[in-house]
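Quick notes on the structure that follows.
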Amino acid sequence: MKIKEINDFTLISKDATMDQIIENLNKSTYKILFVSENNKILGTLTDGDIRRYIYDKKNNLSKLKAIDMMNSKFKYIYEDEYEKLSYNDLLKYNVEYLPILNKNMEIIKVIRIPINFQEISKLKTKVLIMAGGKGTRLYPLTKVVPKPLVPFRDKTIIEQIMEQFINSGFDEFILSVNYKKELIKNYFMDLKYDIKYIEEKDFLGTAGSISYLRFYDITKPFFVANCDVLLNIDFSEVLEYHLKENADITIISSKENIDVAYGVIRFDEKNNFLQIDEKPNYEFFVNTGIYVLNPEIVDLIDLEEKIDMPELLKRAMVANKTIKVYQSRSKMTDIGQWEYYKRFLQLKQYNNSSH
């Protein structure tokens, strides 16, 4: 689950009047105030706290102070705890706003945990990663090591992909393997990931191994991801979108730009010149190779059938399935391209030599 750090939180004095409280609540983007004395946090205050206090006490509003109505039993964590915070740790807090404090109880920052976090986490959505290809775009590197195990930054490519899903609350993986599959399985043998395997008997394209999911307990929407793309987004928001739109398939797209180095000539159907667009920039959305699928989509593929994802999408359209596109503004990183990976290695070498 992606956590948003908030630095523009609102501190108010414990002696703030009702007028000051209401004014600050109206101005606050997050609708929560942090009550303090000499920078030391004493409690939190929301409009819900105010309503409950007024209902219980029936007091004169003009005499009420922030300290009267605040929640003094608020949840918080210390700075050093935040540095070790994991996905599973978040489940126990069950709050939308969690302040990070130093040892003096002074507020450092606030993190926002999406309100749908608990609901999304209970879905236990599985992630199918297509890790069985030969990785020909990364030859000659992948003649020695399978693409999923190619090092990238401080982990392998596939671990980087898995960590992105784990950070969004999804930690149950199914890896579809084929090429150098024993290397992949041995690599993960002693690592603490929740992984099951699909072992392809043949190379089944970019969607064929989905057919094996009929043997798994798949009763809810699941993710399908290629093993060469990184996308810095909150996948729980994608799943929420998929459910809200009642989609059968959701394609995750990414915004790309292309700068044309020449003037583009525009002319009509009779070749009459109209204008020249000097070095234009074109924006469009591309397929990231990451999808959300409903379990029923598995039935559109015959067992062990060789099929690519574009053909599966065509079948879904013929079957009147609802296919939606999730527009991500995050830049896609295609690690599977040799030119990109070579630039990454050169940059890493440069950084190491400069230290």
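Can you spot a residue in region 134-142 that is modelled with pLDDT under 75, of a type in the set (Gly, Ala, Ser) and buried (at least 21 other Cβ atoms within 10 Å of the Cβ)? Yes, region 134-142 contains a residue that is modelled with pLDDT under 75, of a type in the set (Gly, Ala, Ser) and buried (at least 21 other Cβ atoms within 10 Å of the Cβ).
Of all residues in region 268-288, those that are more than 28 Å from Gln327 (Cβ to Cβ) and in contact (Cβ under 8 Å) with a residue 12 or more places away in the chain have Cβ atoms under 9 Å from Cβ atoms of residues that are open to solvent by 100 Å² or more (accessible area, probe 1.4 Å) and not in a strand (DSSP E or B), 6 or more apart or on another chain, in Glu278/Tyr262.
Here Glu106 passes the criteria (1) more than 19 Å from Leu11 (Cβ to Cβ); (2) modelled with pLDDT of 75 or more except the one numbered (1). Within region 73-103, being at pLDDT below 75 and either hydroxyl-bearing (Ser, Thr, Tyr) or at positive phi (or both) holds for Ser86, Tyr87, Tyr93, Asn94.
Among residues of region 4-15 being touching an Asp or Glu at 6+ places or on another chain (Cβ under 9 Å) and open to solvent by less than 70 Å² (accessible area, probe 1.4 Å), the one that is nearest to Asn71 (Cα to Cα) is Lys14.
For region 1-17, name all the residues that are modelled with pLDDT of 85 or more and of a type outside the set (Lys, Arg). Passing the criteria: Phe9, Thr10, Leu11, Ile12, Ser13, Asp15, Ala16, Thr17.
Can you name the residue in region 205-225 that is among the β-branched types (Val, Ile, Thr) and open to solvent by 10 Å² or more (accessible area, probe 1.4 Å) and, of all such residues, is modelled with the highest pLDDT? Selected residue: Thr206. Restricting region 234-261 to residues that are among the hydroxyl-bearing types (Ser, Thr, Tyr) and at pLDDT 90 or above, the residue that is nearest to Leu293 (Cα to Cα) is Thr250.
Residues in region 271-298 that are more than 28 Å from the chain's Cα centre (by Cα) and open to solvent by less than 70 Å² (accessible area, probe 1.4 Å): Asp277, Pro280. Just so you know, in region 171-187 the residues that are at pLDDT 90 or above and under 23 Å from the mean Cα position of the chain (by Cα) include one that is nearest to Ala207 (Cα to Cα), and it is Ser176. Quick check on region 116-126. Is at least one of its residues modelled with pLDDT of 70 or more and either over 16 Å from the mean Cα position of the chain (by Cα) or open to solvent by 40 Å² or more (accessible area, probe 1.4 Å) (or both)? There is at least one residue in region 116-126 that is modelled with pLDDT of 70 or more and either over 16 Å from the mean Cα position of the chain (by Cα) or open to solvent by 40 Å² or more (accessible area, probe 1.4 Å) (or both).
The set of residues from region 184-230 being touching a Pro at 6+ places or on another chain (Cβ under 6 Å), among the aliphatic types (A, V, I, L, M) and closer than 23 Å to Val144 by Cα comprises just one member, Ile184.
For region 168-204, a residue qualifies if it is surrounded by 23 or more Cβ atoms within 10 Å (Cβ to Cβ) and aromatic (Phe, Trp, Tyr), and the qualifying residues are Phe170, Phe173. What are the residues in region 233-267 that are in a helix (DSSP H, G or I) and either small (Gly, Ala, Ser) or surrounded by 14 or more Cβ atoms within 10 Å (Cβ to Cβ) (or both), if any? Phe235, Ser236, Glu237, Val238, Leu239, Glu240, Tyr241, His242, Leu243, listed by residue number.
Here Ile265, Ile233, Ile258 are screened, and the one residue that is in contact (Cβ under 8 Å) with a residue 60 or more places away in the chain and of a type outside the set (Gly, Ala, Ser) is Ile233. Reported count of residues in region 299-312, each being open to solvent by less than 80 Å² (accessible area, probe 1.4 Å), farther than 23 Å from Gln327 by Cα and either charged (D, E, K, R) or under 24 Å from the mean Cα position of the chain (by Cα) (or both), is 2. Of all residues in region 318-336, those satisfying the criterion of being under 27 Å from the mean Cα position of the chain (by Cα) and not in a loop (DSSP other than H, G, I, E, B) are Ile323, Lys324, Val325, Tyr326, Gln327, Ser328, Thr333, Asp334. Of all residues in region 313-337, those satisfying the criterion of being of a type in the set (Val, Ile, Thr) and either modelled with pLDDT of 95 or more or open to solvent by 10 Å² or more (accessible area, probe 1.4 Å) (or both) are Val318, Thr322, Ile323, Val325, Thr333.
Rundown of residues vs (1) within 34 Å of the chain's Cα centre (by Cα); (2) farther than 19 Å from Asn7 by Cα; (3) part of a helix (DSSP H, G or I), yes/no style:
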position	(1), (2), (3)
Gln20	no, yes, yes
Glu23	no, yes, yes
Asn26	yes, no, yes
Lys31	yes, no, no
Phe34	yes, no, no
Leu42	yes, no, no
Gly48	yes, yes, yes
Arg51	no, yes, yes
Ile54	no, yes, yes
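The values are calculated or read from the model by the stated rules, or taken from the named source; none is laboratory data. These figures come from a predicted structure and were not determined experimentally. Neighbour counts run over all protein chains shown; Cβ positions are idealised from the backbone, glycine included. Remember, those area values only see protein heavy atoms, side chains included, never the ligands or the DNA or RNA. Shrake-Rupley method; radii C 1.70, N 1.55, O 1.52, S 1.80 Å.
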